[in-house]
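J.: I am attaching a structure below and will ask some questions about it afterwards.
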Amino acid sequence: MAIPEKVTFPSSGITLVGELYLPSPEAPSKKSAAIVIGHPSMGVKEQTAGTYAKALCSAGFITLAFDAAYQGESEGQPRMLENPFQRSEDLRAAVSYLTTRDEVDAERIGAMGICASGGYVTFAAQTDTRMKAVATISGACFGTILREGLKPKGSITREQLIEQLKGANALRTLEAKDGQGRMVVITAPEKSMIPEGAPDLVKDAWDYYMTERGSHPRSGQSWAGRSIDLCANFDAYRFVDMISPRPLLMIAGELADTGYFSKQAIEQAKEPKELVVIPGKSHIALYDDLSETAPKLIDFFSKSLVGDAAV
């Protein structure tokens with residue numbers, strides 16, 4: 001595969017950095033169809049998003065993996081701010097960028113998101129009809145997790161949520177005084193520090209992000225603590241039915257702690273829609289095990305963007 005082209009494009013005044021993958025002449029023709037790919041929270045384009053970008057590009061699609069605002073190589077202060085509304089706008093901006101490329105057919109652009117971006121891309125697609133097909137891998141709504149906890153092992157009371165919001169607001173006050181964002185560690189530096197009884201997702205995330213398997217120097221596994229008050233009232237799937245009549249595919253692992261998000265979203269969505277559950281796989285397993293997800297995505301985007309079955 002050719003080395004990806006480093007590209008930049010604006011999103012609400014913030015310059016984003018992406019990697020554009022162009023298929024080789026030997027790849028199957030996909031009629032200039034392109035796919036935008038969003039990375040997980042606290043991730044970067046070189047991790048699972050890039051893995052999927054390469055796989056789909058090998059199948060003939062033009063793909064764009066990019067760093068969200070405040071993260072990776074993209075601009076934005078404070079660093080590692082998680083703003084779901086900006087993250088959703090970033091995906092729309094990525095589509096806008098693709099429409100400017102001569103190699104892309106603007107009527108054949110799809111979008112997919114992994115983990116938190118599985119919520120952001122679904123949210124963005126509800127109002128961006130340029131996204132002609134939408135797919136998610138291990139999709140989750142970050143706002144719902146903050147409001148309710150990760151079910152069934154975790155739960156958050158309204159009182160606990162209010163206390164977290166007060167803490168985030170206090171960090172805003174400190175930042176206003178000295179301009180410095182306060183970071184909060186999300187993934188423990190040592191696996192032994194993970195609390196007993198923590199969701200499997202927490203342990204699996206450590207195995208991916210904190211080892212050679214998926215670590216990257218720009219993926220610090222911390223976020224700006226005041227992100228909480230930006231995320232807490234975000235609802236990725238409230239209007240998921242608005243994606244119809246464009247096709248929606250949601251893929252989740254059978255063992256994923258977050259699997260209920262995809263199941264509930266598909267129930268609320270309108271046709272055409274499809275839920276694919278990968279037997280024996282967890283949330284994180286689908287980040288780099290593409291043996292079943294990639295063929296399904298290739299087939300889905302081939303039919304929905306190109307009009308053909310995958311070849």
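J.: Just to be sure before I move on: is Ala116 in contact with a helix residue (DSSP H, G or I) (Cβ under 8 Å, 6 or more places away or on another chain), among the aliphatic types (A, V, I, L, M), surrounded by 22 or more Cβ atoms within 10 Å (Cβ to Cβ) and within 21 Å of Arg79 (Cα to Cα) in the structure I sent?
T.: When the stated conditions are applied, Ala116 passes them.
J.: Given (1) surrounded by 13 or more Cβ atoms within 10 Å (Cβ to Cβ); (2) touching a residue at least 24 places away in the same chain (Cβ under 8 Å), where does Arg213 come up short, assuming only one miss?
T.: Only one criterion is unmet by Arg213, namely (1).
J.: Please determine whether any residue of region 256-274 is without any contact (Cβ under 8 Å) to a residue 60 or more places away in the chain, within 30 Å of Ile109 (Cβ to Cβ) and among the aliphatic types (A, V, I, L, M).
T.: Yes, some residue in region 256-274 is without any contact (Cβ under 8 Å) to a residue 60 or more places away in the chain, within 30 Å of Ile109 (Cβ to Cβ) and among the aliphatic types (A, V, I, L, M).
J.: Still on this structure, please answer the following. Quick one: Val277 ticks every box in (1) outside any loop (DSSP other than H, G, I, E, B); (2) buried (at least 21 other Cβ atoms within 10 Å of the Cβ); (3) not polar (S, T, N, Q) bar one, so which box is it?
T.: (2)
J.: Can you find a residue that is part of a loop (DSSP other than H, G, I, E, B) and of a type in the set (A, V, I, L, M, F, W, C) anywhere in region 244-253?
T.: Checked against the condition, which is being part of a loop (DSSP other than H, G, I, E, B) and of a type in the set (A, V, I, L, M, F, W, C), region 244-253 yields no hits at all.
J.: Which condition number does Glu148 fail, the rest of (1) within 26 Å of Thr258 (Cα to Cα); (2) at pLDDT 95 or above being met?
T.: Failed condition: (2).
J.: Of the residues Tyr287, Tyr237, which is of a type outside the set (Gly, Ala, Ser), out of contact with any Pro (no Cβ under 7 Å at 6 or more places or on another chain) and assigned to a loop (DSSP other than H, G, I, E, B)? Quick ask: steps written out before the conclusion?
T.: On the way: Tyr287 fails: assigned to a loop (DSSP other than H, G, I, E, B).
Step by step, each of Tyr287, Tyr237 is checked, and only Tyr237 is of a type outside the set (Gly, Ala, Ser), out of contact with any Pro (no Cβ under 7 Å at 6 or more places or on another chain) and assigned to a loop (DSSP other than H, G, I, E, B).
J.: Of the residues Ala53, Ala49, which is in contact (Cβ under 8 Å) with a residue 40 or more places away in the chain, touching a Phe, Trp or Tyr at 6+ places or on another chain (Cβ under 7 Å) and part of a helix (DSSP H, G or I)?
T.: Ala53
J.: Right, something else. Can you name every residue in region 106-129 that is among the hydrophobic types (A, V, I, L, M, F, W, C), assigned to a loop (DSSP other than H, G, I, E, B) and over 13 Å from the mean Cα position of the chain (by Cα)? It would help to see each step written out before you state the result.
T.: We begin by selecting, within region 106-129, every residue among the hydrophobic types (A, V, I, L, M, F, W, C); these are 106, 109, 111-112, 114-116, 121, 123-125.
Next cut, assigned to a loop (DSSP other than H, G, I, E, B) only: 106, 115.
Result: Ala106, single match.
J.: I'd like to know if region 20-42 contains one or more residues that are surrounded by fewer than 19 Cβ atoms within 10 Å (Cβ to Cβ), more than 13 Å from the chain's Cα centre (by Cα), touching a residue at least 24 places away in the same chain (Cβ under 8 Å) and under 28 Å from Arg226 (Cα atoms).
T.: no
J.: For region 148-195, which positions are free of Cβ contacts under 8 Å to residues at least 60 places away in the same chain, part of a helix (DSSP H, G or I) and hydrophobic (A, V, I, L, M, F, W, C)?
T.: Ile162, Ala170, Leu171, Leu174, Ala176, Met193
J.: Still on this structure: Answer with yes or no whether Leu201 is out of contact with any Ser or Thr (no Cβ under 6 Å at 6 or more places or on another chain), part of a helix (DSSP H, G or I) and buried (at least 18 other Cβ atoms within 10 Å of the Cβ). Lay out the reasoning, then the answer.
T.: Details: out of contact with any Ser or Thr (no Cβ under 6 Å at 6 or more places or on another chain): yes; part of a helix (DSSP H, G or I): yes; buried (at least 18 other Cβ atoms within 10 Å of the Cβ): yes.
Answer is yes for this residue.
J.: Can you tell me which residue is surrounded by the most Cβ atoms within 10 Å (Cβ to Cβ) among those in region 50-72 that are under 22 Å from Ser227 (Cα atoms) and among the aliphatic types (A, V, I, L, M)?
T.: For region 50-72, the residue satisfying everything is Ala68.
J.: Moving on. For the condition in contact with a Cys (Cβ under 8 Å, 6 or more places away or on another chain), assigned to a helix (DSSP H, G or I) and farther than 15 Å from Ala33 by Cα, what is the one hit in Gly139, Gly143?
T.: On the way: Gly139 fails: assigned to a helix (DSSP H, G or I).
Going through Gly139, Gly143 in turn, just one is in contact with a Cys (Cβ under 8 Å, 6 or more places away or on another chain), assigned to a helix (DSSP H, G or I) and farther than 15 Å from Ala33 by Cα: Gly143.
The values are calculated or read from the model by the stated rules, or taken from the named source; none is laboratory data. The model shown is predicted, which means the values in this text are computed figures rather than measured ones. Glycine also receives a Cβ, built like all others from the backbone with ideal geometry; neighbour counts cover every protein chain displayed.
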